[in-house]
Amino acid sequence: MDNQIKAAIIGAGGIATVAHAPAWTANREAVITAVCDINREKAERFAEKYGIAEIYTDYRELLEKADIDVVDICTPNLYHSEIAV
């Protein structure tokens, strides 16, 4: 894992589950190390499915605490700019 890109996914809904997480996990050069969703139970199920150790319900806390290289924003579109900025 030392050489891998450490990714965090914000938003554990449909697009993250069916497209983004499978793409990250298929890439040997990357690993998902953190997930964030305002629904804790959804984040926990997502983390269990993809073997993710760190779970957050506030993206600000994730950005502050998680050891990550890249953030994949998978929330509904209207929330993208707030998280990205």
- Once all protein chains are kept in place, Tyr50 shows an accessible area at probe 1.4 Å, nearest 10 Å², of 40 Å²
- Note on the structure: Cross-link reach from Lys49 to aspartates and glutamates, straight Cα distance under 16 Å and at least 8 residues apart if same chain, gives Asp37, Glu41
- For the chain, max minus min Cα coordinate along each principal axis, in Å, sorted largest first? 32, 24, 20
- Using 0.36 nm per residue of separation minus the Cα-Cα distance, give me the extension gain between Val70 and Arg40 in nm, one decimal. 8.7 nm
- Message: At a 10 angstrom cut-off on C-beta neighbours, averaged per residue, how do the peptides 60-67, 31-38, 16-23 rank from highest to lowest?
- Response: 31-38, 16-23, 60-67
- Message: Quick check on the chain: helices-only [θ] at 222 nm, where DSSP H runs of length 4 and up contribute -39,500 (n - 2.57) each and the sum goes over total residues. Nearest 500, please.
- Response: -8500 deg cm²/dmol
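The values are calculated or read from the model by the stated rules, or taken from the named source; none is laboratory data. These numbers were taken from a predicted model, which means no experiment stands behind them. As a convention, Cβ positions derive from the backbone with ideal geometry for all residues, glycine included, and neighbour counts pool all protein chains shown. Just so you know, the surface numbers come from the protein's heavy atoms only, side chains and all, with ligands and any DNA or RNA stripped out. Shrake-Rupley method; radii C 1.70, N 1.55, O 1.52, S 1.80 Å.
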